[in-house]
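**Q** Can you keep this structure in mind? I'll have questions shortly.
Laboratory data are not the source of any read-out in this text; all were calculated from the coordinates shown. Since we're looking at a predicted model, the values are computed, not measured. So basically every Cβ, Gly included, is an ideal-geometry build from the backbone, and we count neighbours across all protein chains shown.
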């Protein structure tokens, strides 16, 4: 996997994720489930999103330092929440993307779904199991000459 974050950014992301989805009722927080790699993979695929997250994490670090004189990871949870609320107002696009990607990674984990009382479901609405995709199905199409005209 390509890496987007350096170690200090990963160390910052963990408590940030734990503030977005804190641990409760025997369900671990988002940061404790190591969602960083899943989020990082989404960032590898989107340069715009990557820049948004890198700038947003920098904003979290700067806001924590300015507001408290301490690193975000060293703050008590209440102060961390206040810092994130400030970042949410200053950088709503980042905060929205952060919440979306956190929820997507967190609530799709089978262990979280089981802890919340639902079984992980296959992607088909009625639960049908699909066979694995066989790329050989496309062999005939790949051998055909193009039947479209170029637009440029």
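**Q** Take each of the peptides 107-118, 51-62, average the number of other beta-carbon atoms within 10 Å over its residues, and list them starting from the highest.
**A** 51-62, 107-118
**Q** Using only DSSP helix segments of four residues or longer, with each worth -39500 (n - 2.57), what per-residue ellipticity at 222 nm results for the chain after dividing by its residue count and rounding to 500?
**A** That comes out to -17500 deg cm²/dmol.
**Q** Between residue 10 and residue 93, how high is the FRET efficiency from 1/(1 + (r/R0)^6) when r is the Cβ-Cβ distance and R₀ = 22 Å? Nearest 0.05. Spell out each step's value before the answer.
**A** Numbers: r = 22 Å, r/R0 = 0.99.
So the FRET efficiency works out to roughly 0.50.
**Q** Using only Cα atoms and rounding to the nearest 10 degrees, what angle (0 to 90) does helix 47-68 make with the longest principal axis of the chain?
**A** Here the helix axis deviates by roughly 10 degrees.
**Q** Let me ask something else. Taking Cα atoms, how many degrees apart are the long axis of helix 92-107 and the longest axis of the chain, rounded to 10 and kept between 0 and 90?
**A** So the helix axis and the longest Cα principal axis differ by about 70 degrees.
**Q** Ratio to report: Rg/Rh of the stretch 39-152, with Cα atoms as the point set and Rh obtained by the Kirkwood method; give two decimals.
**A** For the stretch 39-152, the value is 1.19.
**Q** Hey, rough spin-label estimate for residue 62 and residue 139, points 7 angstrom out along Cα→Cβ, what's it come to in nanometres?
**A** Output for this residue pair reads 5.7 nm.
**Q** Pulled fully out, how much extra length does the chain show between residue 118 and residue 152, if you take 0.36 nm times their separation in residues and subtract their Cα-Cα distance?
**A** 7.2 nm
**Q** So how tilted is helix 77-90 from the main axis of the chain? Cα-based, degrees 0 to 90, rounded to 10.
**A** That helix lies at roughly 60 degrees to the long axis.
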